[in-house]
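My structure is below; once you've seen it, I'll send some questions.
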Amino acid sequence: MKIAIIMGSISDMPVMQEAIDILKQFDIETEVDIVSAHRTPEKLFDFSKNAHNCGISVIIAGAGGAAHLPGMVASLSPLPVIGVPIKSSNSIDGWDSVLSILQMPSGVPVATVALNGAKNAGILGAQIIGGSDKTVLNKIILYKESLKEAVREASENLKK
């Protein structure tokens, strides 16, 4: 099983790298590419319509500004799409990106994470795969246990 991580521009890569990094931690293969909804619409259509035939199980799409990429991919693909709104140089404090990805019409769902929340997108993608892959599920369980342990340790250190 593989997760595709796409973004509208190379300038989105620093944010989207967090999804790549967490998925590597779960040993999930990724395919990373730039697919601009506005500048390469033919590539967007081809990718979206064929991703499920290429071993991809989940698509994580990051975009800033008008942020049409996740929604357009979701309109064309039968796969789950996770949108990552990105605060870009031309955004309105990121709100345009958040609302563009969040406010999808009925029948075209996009799971949306926080502004610049690519790490959570990666975790959510892994959890989707973990629903049918016990190895990935067990890695997620261990990861969540490590989060709990980190909070417990911080709490104890605070009391010292």
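Restricted to the stretch 24-67, and to residues that are in a loop (DSSP other than H, G, I, E, B) and in contact (Cβ under 8 Å) with a residue 60 or more places away in the chain, which residue is surrounded by the fewest Cβ atoms within 10 Å (Cβ to Cβ)?
Among those residues, the one meeting the criterion is D27.
Tell me, yes or no, whether the stretch 129-150 has at least one residue that is under 22 Å from V84 (Cα atoms) and among the hydroxyl-bearing types (S, T, Y).
Yes, the stretch 129-150 has at least one match.
Moving on to the next point. Of all residues in the stretch 140-160, count the ones that are open to solvent by less than 60 Å² (accessible area, probe 1.4 Å) and under 21 Å from the mean Cα position of the chain (by Cα).
Summing the residues that are open to solvent by less than 60 Å² (accessible area, probe 1.4 Å) and under 21 Å from the mean Cα position of the chain (by Cα) in the stretch 140-160 gives 2.
Hey, another quick one. When you check D21 against the structure, is it open to solvent by less than 80 Å² (accessible area, probe 1.4 Å), among the charged types (D, E, K, R), touching a residue at least 60 places away in the same chain (Cβ under 8 Å) and under 22 Å from G122 (Cβ atoms), yes or no?
Yes, satisfied.
Mind listing just one residue for me: the one in the stretch 74-118 that is part of a helix (DSSP H, G or I) and hydrophobic (A, V, I, L, M, F, W, C) and, of those, modelled with the lowest pLDDT?
The selected residue is W95.
Right, here's the next one. Given the options M7, M1, name the one that is touching a residue at least 40 places away in the same chain (Cβ under 8 Å), open to solvent by 30 Å² or more (accessible area, probe 1.4 Å) and among the hydrophobic types (A, V, I, L, M, F, W, C).
The unique qualifying residue is M1.
Against the condition among the hydroxyl-bearing types (S, T, Y), at negative phi and crowded, with 19+ Cβ neighbours inside 10 Å, how does T112 come out, does it pass?
Taking the combined requirement at face value, the residue satisfies it.
Follow-up question, since we're still on this one. Taking the conditions exactly as written (open to solvent by less than 50 Å² (accessible area, probe 1.4 Å) and touching a residue at least 40 places away in the same chain (Cβ under 8 Å)), does I123 satisfy them or not?
So I123 fits the description; yes.
Report whether or not G71 is in a strand (DSSP E or B) and either free of Cβ contacts under 8 Å to residues at least 12 places away in the same chain or within 19 Å of G94 (Cβ to Cβ) (or both).
For G71, the condition - in a strand (DSSP E or B) and either free of Cβ contacts under 8 Å to residues at least 12 places away in the same chain or within 19 Å of G94 (Cβ to Cβ) (or both) - is not met.
Something else about it: Mind checking which residues of the stretch 63-109 are under 15 Å from the mean Cα position of the chain (by Cα) and on the phi > 0 side of the Ramachandran plot?
Residue satisfying the conditions is A67 alone.
The values are calculated or read from the model by the stated rules, or taken from the named source; none is laboratory data. Just so we're clear, the structure is a prediction, and the values are computed from it rather than from any experiment. In this analysis, Cβ positions are derived from the backbone assuming ideal geometry, glycine residues included, and neighbour counts consider all displayed protein chains. Ligands, DNA and RNA are stripped out before the accessible areas are found, and what is left, the full protein with its side chains, is counted by its heavy atoms. Shrake-Rupley method; radii C 1.70, N 1.55, O 1.52, S 1.80 Å.
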